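Working notes for the structure below.
Derivation of every value follows stated rules applied to the coordinates shown; laboratory data play no part. Predicted model only: the values in this text are computed from it and were never measured.
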Amino acid sequence: MDELTDNTLDLRQLPAPEPLTQSLAAIEALAAGAVLRLLTPMRPLPLLQALKERRLGYSVSDHEGGGCAVTVWIEDGPSGA
């Protein structure tokens, strides 16, 4: 993976489809109770759809350095991943 520090993965400089590929790999490794912050070059619509399908919690905001910040967590309860 590119840069994973304090659960932040900065993917803004990678060419497509690497931000999506690396995001999904990091999410698969996400432990219960952990939070992952992804910095992407643009609003990652395919990733957001994948998060919905997996019933993961997430929030999206514009990042001051450009692109988007997506924060991902595992929802509590039986509907969580």
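For the chain, the 222 nm mean residue ellipticity estimated from helices alone, with every DSSP H stretch of n ≥ 4 adding -39500 (n - 2.57) and the total spread over all residues, rounds to -7000 deg cm²/dmol.
Helix 18-28 versus the longest principal axis of the chain: what angle, 0 to 90°, nearest 10, using Cα atoms? Its long axis makes an angle of about 20 degrees. Alpha-carbon geometry of the chain: the Rg and the Dmax are 11.8, 36 Å, given in that order. Subtracting the Cα-Cα distance of Gln13 and Asp62 from their residue separation scaled by 0.36 nm leaves 16.0 nm.
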